[in-house]
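Have a look at the structure below before the remarks.
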Amino acid sequence: MKVAIIGSAFSGNRGAAAMLESSIAHLTAQGDDVEITHLSMYPRSDADLNVHDNVEVMDASPLRLGVLINGGALLWRLLPPARDAIRKAVPEVGAIADADVLLDEGGITFVDGREKYLIYNVASILPALNTGTPVVKCAQALGPFENPVNRALAGIYLPKMAAIISRGAITHEHLMGLGLTNVTAGADMAFTLDITPEDREIAEASVPASFFAGGDVVGYSPSQVLRESAAKRGEDYVAEVVRHIDHLTEVMGRPVLLIAHSTRPNPDKLHNNDGPVCREILANVASPENVRFAEGELTPGALRVLIGQCDLFVASRFHAMVSSLAQGVPTLVLGWSHKYREVLDQVGQAEWAMAASDATVEAFEERMTDLDRAKQEIRAQLTTAVPAVRETAMEQFGIIRRVAREGRIGRAAKAAIKGYLSTPAPSER
């Protein structure tokens, strides 16, 4: 089976890495000779981080994707005789054309208010449509579709997907509102992430187990995205988070673990990089000796190990929330989109979400006190709910196998027809 993957990455957002690692592990475990092409927006960093023999990282950085790959795929469709030349000039197009299925692992696509990303949302799937490769949109948040431009593009392209996995009830409702018939209710792929012995070693090297010995650590994942949003409102996000952490350390008497759930090696790159904001927060807290920052580009599994050792967790990154829920850690979510709430609904934790813009110091203190009091009950709820959500998330691999199998059959049929048509009739021989 040949699989192409786009929209996720080994580097940058660790949620995207969790989706990528999960898909590689579970597809490879199926026993087929699975060959995976990862079309990466960070090709150099991802090539350095790729440890999988059956995964080839190819360059799908935004400019190359938008111009060369999409242009080459269009020519592939319009000029069949030129396909050998196109394959040599833009090998990514050949890899997409050869794939039995393309997995779109973008975590959130075709959403009102994110119109600036629509070009990328379309550019990620259009090459596969032009080369005849079926597309599965893996579990992600989509909609709402009230914006005319977003609704028009969603109405054009989403019906062309071989399958769409909705990540929660809100997304599912949005998609049903478009009249789509190719949608399956699912759960985030990151719930299927398995922790390896190597992940545990990396976690231990980053933050020694002794830090968690008291059993009272509170984890906190800040977000560069929220920092930028706060700046637009004229607010100081770093100062606000510092006050949150000072309450945890000075009033509640808890040690705090800062988690950057999106990191890049270059500290000057702020997109998909929470490292700089975490360091600035650490530099301003009242008791830095009681705050630990897990430095470096840790694997998503290593981050999950660290998060799982926390007593409570505060999540401002979506997949940091997924990891804490998956590990049964009572979690307060400071989010900005329906994508948080619909996943919390799946595990009965919607009451622990609040808009980040509403997280005043007073509101935060009150909710953390409530979370601490309810933690035993919450852990019991998560112990019951999470296995079912993981099982639902696993079902999308069956959908991927089905679509890939149908893609192979369709490709073989086309090749047979082409061979038949190119064979001279007996009278012409």
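The values are calculated or read from the model by the stated rules, or taken from the named source; none is laboratory data. Because the structure is a prediction, the values reported are computed rather than measured. Cβ: placed from backbone, ideal geometry, glycine included. Neighbour counts: every protein chain shown. Keep in mind that these areas ignore ligands, DNA and RNA; they rest on the heavy atoms of the full protein, side chains included. Shrake-Rupley method; radii C 1.70, N 1.55, O 1.52, S 1.80 Å.
Are any of the residues in region 312-325 over 14 Å from Val256 (Cα atoms), at pLDDT 95 or above and open to solvent by 10 Å² or more (accessible area, probe 1.4 Å)? No, there is no match, as no residue in region 312-325 is over 14 Å from Val256 (Cα atoms), at pLDDT 95 or above and open to solvent by 10 Å² or more (accessible area, probe 1.4 Å). Within region 195-221, being open to solvent by 40 Å² or more (accessible area, probe 1.4 Å) and either part of a helix (DSSP H, G or I) or among the hydroxyl-bearing types (Ser, Thr, Tyr) (or both) holds for Thr196, Pro197, Glu198, Arg200, Glu201, Ile202, Glu204, Ala205, Ala209, Ser210, Phe211. Which pairs turn up if I take residues in region 185-206 that are under 17 Å from Ile307 (Cβ atoms) and look for partners that are open to solvent by 80 Å² or more (accessible area, probe 1.4 Å) with beta carbon separation below 7 Å, at least 6 apart in sequence or on another chain? Filtered contacts from region 185-206: Ser206/Glu295. Only residues that are surrounded by fewer than 18 Cβ atoms within 10 Å (Cβ to Cβ) and assigned to a loop (DSSP other than H, G, I, E, B) were counted across region 242-274, and they come to 9.
Taken over region 57-91, the criterion of being over 13 Å from Leu126 (Cβ atoms), part of a helix (DSSP H, G or I) and open to solvent by less than 20 Å² (accessible area, probe 1.4 Å) is satisfied by Ile86 alone.
Only a single criterion out of (1) under 23 Å from Arg408 (Cβ atoms); (2) touching a residue at least 24 places away in the same chain (Cβ under 8 Å); (3) in contact with a Gly (Cβ under 8 Å, 6 or more places away or on another chain) is not satisfied by Ile119, namely (1). The C-beta contact set for region 126-154 (first residue part of a loop (DSSP other than H, G, I, E, B), second residue of a type in the set (S, T, N, Q), distance under 7 angstrom, 6+ apart or interchain) comprises Gly143/Thr171. Of the conditions (1) touching a Leu at 6+ places or on another chain (Cβ under 6 Å); (2) modelled with pLDDT of 95 or more, Arg14 clears all except one; give me its number. If we test Arg14 against (1) touching a Leu at 6+ places or on another chain (Cβ under 6 Å); (2) modelled with pLDDT of 95 or more, just (2) comes out false. Would you point out the residue of region 312-359, among those that are free of Cβ contacts under 8 Å to residues at least 12 places away in the same chain and of a type in the set (D, E, K, R), that is farthest from Asp216 (Cα to Cα)? Ranking the candidates gives Asp358 first.
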